[in-house]
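Comments concern the structure below.
The values are calculated or read from the model by the stated rules, or taken from the named source; none is laboratory data. Only a predicted model underlies this, so the values are computations on that prediction, with no experimental measurement involved. Here the Cβ positions follow ideal geometry from the backbone for every residue, glycine too, while neighbour counts run over all protein chains shown.
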Ligand SMILES: [Zn+2]
Ligand SMILES: [Zn+2]
């Protein structure tokens, strides 16, 4: 017996149907906002993530699912979507297409951290990237699209936290101030923070151990005039879009490429501390990767986490077929099976979902299968029906109801009368 790889899992029905429902809703919402799908490969050069996601991030330091292939190349299973989208944008000269550069992806991501409850090495993200939109309207559009999507799929009590990390200019000033402050208090920091304050002092604000205390004591970032205006306009536009949010100055996000607006979304309904989606602006990333100087803003949502929130809702949803076909005739069994099979075909061609179990089994066992299938109706071909060229229609929720109709009119009858 060969088992699934450690840290990986199978997603069975009805959970898989929950994932599909979230994906379908996402596609609808993306279309409303003019975002189009960009499919990127699962594998990329490892270097791509080191150069974009950043060397001081947990993803690159600890979680990269990477390996050396037979040709000696350093390869990584993508840990997040943005670097691949940015690479594709540059490589395909999409800035010259004169077309909409608003993209979405629905893709599996990988991380090689130690498997633990509810965290898998392969997980799904739905993400959006607006490349080229530099104004605050793009920030507000991207965030309100995310909230719109979460509301549509049934997430309750959505909380949006936003902050601005400023541009390279305001960040350089702040970086120096913060570094000075952290050095003075370095003995109070955790080991990880102490090790990286020179490289990336901002990460200390994001640290689970030191972050909450630093939020009160550390100096706050002063935005330059342009960044300040951008941030306040973003907030005005979010208000116009009816998005409720709060400004959270300790929100940093653990990726190196963010500039200006960053945001995180969680649900209070389950009292979880973990974000279900997060994102931000990355105005310098495309240029730093060798592409044109274009601003961008995007987010990614953890589909596994959202699906977990909606688990009960999905389990209660009806996934059964509409009609279950049962054939049971002792004499002329072959003839009955053929009629039943032809009936299945005509139902499905008419767009009516239909199923059957085993025409050779007893009537009782076929009816049991019909019950288990969750089908609303059973179409039965028995002795009498075969003789008359009819089929009996039985309401599975109301055992007493049964009527006979002409076999060739079955699909029509379902469409017009039952459904
Ligand atoms: Zn600035
Ligand atoms: Zn720390």
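Can you tell which of 90, 106, 59 is in contact with a strand residue (DSSP E or B) (Cβ under 8 Å, 6 or more places away or on another chain) and touching a residue at least 60 places away in the same chain (Cβ under 8 Å)?
From the options 90, 106, 59, the qualifying one is 106.
Are there helices (runs of 4 or more DSSP H) fully within the stretch 185-263 with at least 3 residues that are under 28 Å from residue 147 (Cα atoms) and within 16 Å of ligand 1 (Cβ to nearest atom)? List them.
225-240
Would you check which residues across the stretch 307-344 are within 21 Å of residue 383 (Cα to Cα) and in a helix (DSSP H, G or I) and list them?
The answer is 333, 334, 335, 336, 337, 338, 339, 340, 341, 342, 343, 344.
Cβ-Cβ below 8 Å, separation at least six or inter-chain, first residue in the stretch 194-213 and closer than 11 Å to residue 175 by Cβ, second near ligand 2 (Cβ under 9 Å from one of its atoms) and outside any helix (DSSP H, G or I): which pairs?
Qualifying pairs under 8 Å: 197/189.
Quick test of your reading of the structure: residue 110 fulfils all but one of (1) within 25 Å of residue 160 (Cβ to Cβ); (2) crowded, with 16+ Cβ neighbours inside 10 Å. Name the failing condition by number.
(1)
Please tell me if residue 203 is in contact with a strand residue (DSSP E or B) (Cβ under 6 Å, 6 or more places away or on another chain), within 18 Å of residue 165 (Cα to Cα) and within 16 Å of ligand 2 (Cβ to nearest atom).
The answer is no for residue 203.
Determine which member of the set 350, 316 is surrounded by fewer than 17 Cβ atoms within 10 Å (Cβ to Cβ) and modelled with pLDDT under 90.
That would be 316, the only listed residue that is surrounded by fewer than 17 Cβ atoms within 10 Å (Cβ to Cβ) and modelled with pLDDT under 90.
Please indicate, with yes or no, whether at least one residue in the stretch 262-274 is at pLDDT 90 or above and over 30 Å from residue 89 (Cα atoms).
Scanning the stretch 262-274 turns up at least one residue that is at pLDDT 90 or above and over 30 Å from residue 89 (Cα atoms).
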